[in-house]
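Everything on this sheet refers to the single structure shown next.
The values are calculated or read from the model by the stated rules, or taken from the named source; none is laboratory data. Values in this document were obtained by computation on a predicted structure and should not be read as measured data. Don't worry about glycine lacking a Cβ; one is built from the backbone with ideal geometry, like all the others, and counts go over all protein chains shown. These accessible areas exclude ligands, DNA and RNA; they are computed on the full protein's heavy atoms, side chains included. Shrake-Rupley method; radii C 1.70, N 1.55, O 1.52, S 1.80 Å.
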Protein chains: 2
Amino acid sequence: MTVLKGMRVVEGSAFVAVPLAGMTLAQMGAEVIRFDRIGGGLDAGRWPLAPNGNSLFWAGMNKGKKSIAVDMKAAEGRELISQIITAPGDDAGMFLTNLRVRGWMDYETLSKAREDLVMVTLTGDRHGRPQVDYTVNPALGIPMMTGPEDSQEPVAHALPAWDLIAGNLCVSALLAAERHRLRGHGGQEVEIALKDVAAATLGHLGIIGDVSLNGADRGKAGNALYGAYGQDFLCADGRRVMVIGLTHRQWIGLVKATGLGDAIKGLEARLGLSLDDEGNRWRHRKAITAVFEPWFAARNVSDFEGTFNSAGLTWSEFRSVREAMSDDSDLSEDNPMFRAVKHPDTGTYLTPAHPAIFHGAPREAATAAPVLGANTEEILADIVGLSSASIGALFDKGLVDGPRTGAHKTAA
Amino acid sequence: MTVLKGMRVVEGSAFVAVPLAGMTLAQMGAEVIRFDRIGGGLDAGRWPLAPNGNSLFWAGMNKGKKSIAVDMKAAEGRELISQIITAPGDDAGMFLTNLRVRGWMDYETLSKAREDLVMVTLTGDRHGRPQVDYTVNPALGIPMMTGPEDSQEPVAHALPAWDLIAGNLCVSALLAAERHRLRGHGGQEVEIALKDVAAATLGHLGIIGDVSLNGADRGKAGNALYGAYGQDFLCADGRRVMVIGLTHRQWIGLVKATGLGDAIKGLEARLGLSLDDEGNRWRHRKAITAVFEPWFAARNVSDFEGTFNSAGLTWSEFRSVREAMSDDSDLSEDNPMFRAVKHPDTGTYLTPAHPAIFHGAPREAATAAPVLGANTEEILADIVGLSSASIGALFDKGLVDGPRTGAHKTAA
């Protein structure tokens with residue numbers, strides 16, 4: 001059995017963080033029910049898109065979930081969702097959301113129907129203002145630390161990192177709150193603000209302490225590893241590599257594998273200090289780079305990759321995703337985390353399971369995302385307990401929708 | 001009581017991911033014991049540093065933990081660590097590590113002393129090769145998507161995002177495995193590879209599907225929001241803002257708040273399409289930006305911030321961390337997540353608690369990191385069950401160390 005088998009979580013969500021949270025739970029074996037309005041929620045058409053126009057993003061974020069589509073403008077539709085969220089069961093009564101609907105979908109109301117509800121709500125900022133990864137990141141300074149050393153321009157990175165971190169915090173917060181409930185302390189609402197996640201992380205990394213005590217912002221340093229040694233180099237074949245000298249062992253290994261020990265010793269003598277100290281490697285990174293640069297410029301990656309790997313160096317090559325998919329078996333079915341999955345809305349492509357290997361429970365193989373509304377009937381029957389006739393009436397009134405219609409096109 | 005009160009987790013770690021995992025558990029109320037070699041582990045001096053030379057990074061990553069310093073080169077020291085990891089207790093027997101020490105510290109050996117051990121091991125890649133955030137990120141393509149549209153240079157972002165995500169996955173994996181144990185299924189080892197975390201995330205975001213089905217890499221797009229509309233603009237006062245038109249409501253709100261409805265309608269007429277479609281906003285982002293650009297260039301932020309906020313727009317200003325700390329109350333003690341904490345090794349500065357508010361359990365206020373070895377005596381007495389005399393003998397033999405010596409200097 002998979003590790004969270006038996007747990008049921010309901011999700012009302014859009015975009016990255018909360019959908020990722022639900023999917024992470026689903027990939028650990030939980031039954032996760034995502035509800036959407038008929039035709040799909042705010043992220044139904046989020047890019048990237050498949051050639052047929054359907055959302056690859058949606059398919060990626062909703063793998064392994066069950067989907068129900070309900071008209072929540074109607075009181076009857078809202079009542080169905082409430083019943084699904086608050087349905088009985090020791091391992092149920094858990095709700096993840098970032099929709100922040102006041103009234104029928106807030107904790108106060110839902111917990112009247114199920115007192116021990118565990119509800120995790122992700123908000124923009126602590127004031128309830130809207131925020132997305134793309135606004136939190138500029139507001140908190142990372143783009144001012146990213147990019148070429150000589151540039152004044154902020155560079156926002158392409159990865160929605162704050163959303164991804166916040167989504168994972170939703171998972172652990174839900175598991176922690178359920179653990180608390182299991183120990184007899186009842187249910188609760190847990191609120192997490194995306195901007196607070198980012199602000200706390202700046203603190204955890206020492207960046208707030210740095211500004212507070214040293215009075216200065218961390219500047220841009222190109223692709224260098226901050227605080228020790230790590231640098232990118234262009235090789236003779238036009239490929240670019242990243243090499244790491246963070247720990248003493250990595251540093252010594254790098255110097256040895258390149259055979260530049262004498263040149264580094266010479267540099268230490270000129271500087272009058274030891275580069276065994278990581279702070280010295282950081283302060284004098286340009287001088288170090290000047291020693292290594294001609295070495296890499298004179299070699300192809302194939303000239304040194306064998307040596308670097310046998311020496312256990314920590315290094316990698318810069319690649320695009322496409323290059324990585326063509327060259328790296330970690331991004332292929334050789335990696336048991338991945339398998340080619342046929343997604344009903346988008347097509348067949350390499351799809352990841354949960355990255356963790358739980359040795360006490362088989363890895364849940366990667367599964368497809370549902371078509372929107374794929375599980376409407378099943379959920380209404382099994383969880384709300386409606387008869388076929390009642391379910392038919394809901395479909396007839398247009399209060400719920402199945403997999404055939406809606407914004408999601410059916411893949412050819 | 002805090003939400004994880006009573007749980008005990010032992011951590012043998014360095015750098016970002018696993019220390020963050022332990023700290024996140026500590027900030028939810030667990031007792032987290034980090035052990036290090038005498039003098040401190042690989043990250044004892046990780047930058048940024050306080051003016052006194054001690055590590056602000058270490059202080060940030062180890063808040064609220066207990067610290068024990070042990071000579072693990074000696075068999076007797078290793079035995080102490082094993083006993084601490086496998087000590088009895090229903091809510092104990094959990095171990096987080098990225099040290100990958102074969103033999104005495106692996107799951108096979110430790111689980112002989114405690115059969116139901118839950119152990120979460122973070123590795124570099126699935127082959128056991130070393131990887132750090134700075135190597136995984138280039139290998140998987142994000143730097144090729146980051147930076148100015150006209151550039152060919154990879155831009156690695158300053159945030160160790162993969163480490164932060166992996167650390168959070170260690171937290172939820174540990175909680176899921178403990179839940180499984182509590183349900184009678186025993187302990188287990190959980191393995192997570194940093195590179196797999198990144199590779200899986202590319203899949204979740206639809207990026208692997210995009211390359212598979214559309215055959216092309218996502219290009220760089222400067223600071224633009226991918227797939228809909230979101231752009232940075234330089235204002236008359238020299239400040240730069242990020243404005244978001246991801247959802248239809250955000251887009252309409254932006255057009256309305258800037259009073260540029262007619263110009264946008266004109267653009268739609270010229271293009272012969274509706275910008276209500278998010279894909280059209282993405283495809284024609286440059287034309288849209290050309291409409292907005294003069295509007296922002298003619299105004300100071302103070303001219304429109306009130307209007308933007310009352311209209312509920314999603315937007316923010318680019319700032320450095322220092323600017324954010326001086327201008328934004330979310331990065332101050334006004335935010336209950338933060339308080340000024342005196343850290344024994346580094347100084348007093350704004351320090352975050354866990355970002356989640358657990359309404360059923362009081363928020364654990366931010367606490368300091370321990371001095372290395374601060375809890376050595378207490379842990380040997382309470383967990384290993386040694387007498388004062390035995391503990392004294394261990395100190396005399398130099399097998400354990402207390403808070404006074406070691407690499408960490410005492411703050412003035």
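Against the condition within 14 Å of chain B (Cβ to nearest Cβ) and either of a type in the set (K, R) or under 20 Å from the mean Cα position of the chain (by Cα) (or both), how does A:V321 come out, does it pass? Spelling it out, A:V321 is indeed within 14 Å of chain B (Cβ to nearest Cβ) and either of a type in the set (K, R) or under 20 Å from the mean Cα position of the chain (by Cα) (or both).
Here B:D210 meets each of (1) in the same structural domain as B:F57 (by TED's automatic domain parsing); (2) in a helix (DSSP H, G or I); (3) not β-branched (V, I, T) with one exception, condition (1).
Considering only residues that are under 17 Å from A:H284 (Cβ atoms) and touching a strand residue (DSSP E or B) at 6+ places or on another chain (Cβ under 7 Å), which ones fall in region A:233-249? Result: A:F233, A:V243, A:I244, A:G245, A:L246. The set of residues from region A:324-344 being within 30 Å of A:P403 (Cβ to Cβ), acidic (D, E) and at the interface with chain B (Cβ under 8 Å from one of its Cβ atoms) is empty.
Which of the residues belonging to region A:194-207 are within 7 Å of chain B (Cβ to nearest Cβ), among the aliphatic types (A, V, I, L, M) and closer than 12 Å to A:A166 by Cβ? Once the filter is applied, which keeps residues that are within 7 Å of chain B (Cβ to nearest Cβ), among the aliphatic types (A, V, I, L, M) and closer than 12 Å to A:A166 by Cβ, region A:194-207 yields A:V197, A:A199, A:A200. When region A:374-395 is limited to residues that are among the small types (G, A, S) and free of Cβ contacts under 8 Å to residues at least 24 places away in the same chain, the one that is nearest to A:H343 (Cα to Cα) turns out to be A:A381.
Taken as a whole, region B:355-368 holds at least one residue that is touching a His at 6+ places or on another chain (Cβ under 6 Å) and not charged (D, E, K, R).
Restricting attention to region B:8-25, the residues being surrounded by 24 or more Cβ atoms within 10 Å (Cβ to Cβ), touching a residue at least 60 places away in the same chain (Cβ under 8 Å) and within 12 Å of chain A (Cβ to nearest Cβ) number 8. Would you say B:E378 is open to solvent by 60 Å² or more (accessible area, probe 1.4 Å) and not in a loop (DSSP other than H, G, I, E, B)? So B:E378 passes the test.
For A:A287, the test of being of a type in the set (A, V, I, L, M), facing chain B (nearest Cβ under 7 Å) and closer than 25 Å to A:A236 by Cα is failed.
Of the residues that sit in region A:151-160 and are out of contact with any strand residue (DSSP E or B) (no Cβ under 8 Å at 6 or more places or on another chain) and more than 17 Å from B:P154 (Cβ to Cβ), which one is surrounded by the fewest Cβ atoms within 10 Å (Cβ to Cβ)? Looking at residues that are out of contact with any strand residue (DSSP E or B) (no Cβ under 8 Å at 6 or more places or on another chain) and more than 17 Å from B:P154 (Cβ to Cβ), I get A:Q152.
Of all residues in region A:244-272, those being closer than 12 Å to A:F304 by Cα and buried (at least 20 other Cβ atoms within 10 Å of the Cβ) number 2. What is the residue count in region A:36-71 for residues that are open to solvent by less than 40 Å² (accessible area, probe 1.4 Å) and either farther than 19 Å from A:F15 by Cβ or in contact (Cβ under 8 Å) with a residue 24 or more places away in the chain (or both)? The total comes to 25. Candidates A:T307, A:T289: the one that is open to solvent by 70 Å² or more (accessible area, probe 1.4 Å), in a helix (DSSP H, G or I) and among the hydroxyl-bearing types (S, T, Y) is A:T307. Scan region A:310-336 for residues that are open to solvent by 40 Å² or more (accessible area, probe 1.4 Å) and over 26 Å from B:L213 (Cα atoms) and the total you get is 2.
Scanning region B:89-120 for residues that are in contact with a Ser or Thr (Cβ under 6 Å, 6 or more places away or on another chain) and either open to solvent by 50 Å² or more (accessible area, probe 1.4 Å) or farther than 21 Å from B:F35 by Cα (or both) turns up just one, B:A113.
For (1) buried (at least 24 other Cβ atoms within 10 Å of the Cβ); (2) within 30 Å of B:E378 (Cβ to Cβ), each residue gets a yes or a no:
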site: B:L122; (1), (2): yes, yes
site: B:R129; (1), (2): no, no
site: B:V132; (1), (2): yes, no
site: B:V136; (1), (2): yes, no
site: B:G147; (1), (2): yes, no
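Determine whether B:Q188 is more than 19 Å from A:W162 (Cα to Cα) and more than 8 Å from chain A (Cβ to nearest Cβ). Against the criterion (more than 19 Å from A:W162 (Cα to Cα) and more than 8 Å from chain A (Cβ to nearest Cβ)), B:Q188 does not qualify. Against the numbered list (1) of a type outside the set (K, R); (2) out of contact with any Ser or Thr (no Cβ under 9 Å at 6 or more places or on another chain); (3) open to solvent by less than 40 Å² (accessible area, probe 1.4 Å), A:A297 comes up short only at (3). Of all residues in region B:345-372, those that are more than 15 Å from B:A59 (Cα to Cα), surrounded by fewer than 19 Cβ atoms within 10 Å (Cβ to Cβ) and either polar (S, T, N, Q) or at the interface with chain A (Cβ under 7 Å from one of its Cβ atoms) (or both) total 2.
Listed here are the residues, each with its yes/no results for (1) outside any loop (DSSP other than H, G, I, E, B); (2) farther than 24 Å from B:M28 by Cα.
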position	(1), (2)
A:Q131	no, yes
A:N137	yes, yes
A:M144	yes, yes
A:Q152	no, yes
A:A158	no, yes
A:I165	yes, no
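For region A:381-407, taking the residues that are in contact with a Ser or Thr (Cβ under 8 Å, 6 or more places away or on another chain) and part of a loop (DSSP other than H, G, I, E, B), the one that is modelled with the lowest pLDDT is identified as A:R404. Restricting B:A193, B:A224 to residues that are under 28 Å from B:N300 (Cα atoms), open to solvent by less than 30 Å² (accessible area, probe 1.4 Å) and outside the structural domain of B:R299 (by TED's automatic domain parsing) narrows the list to B:A224.
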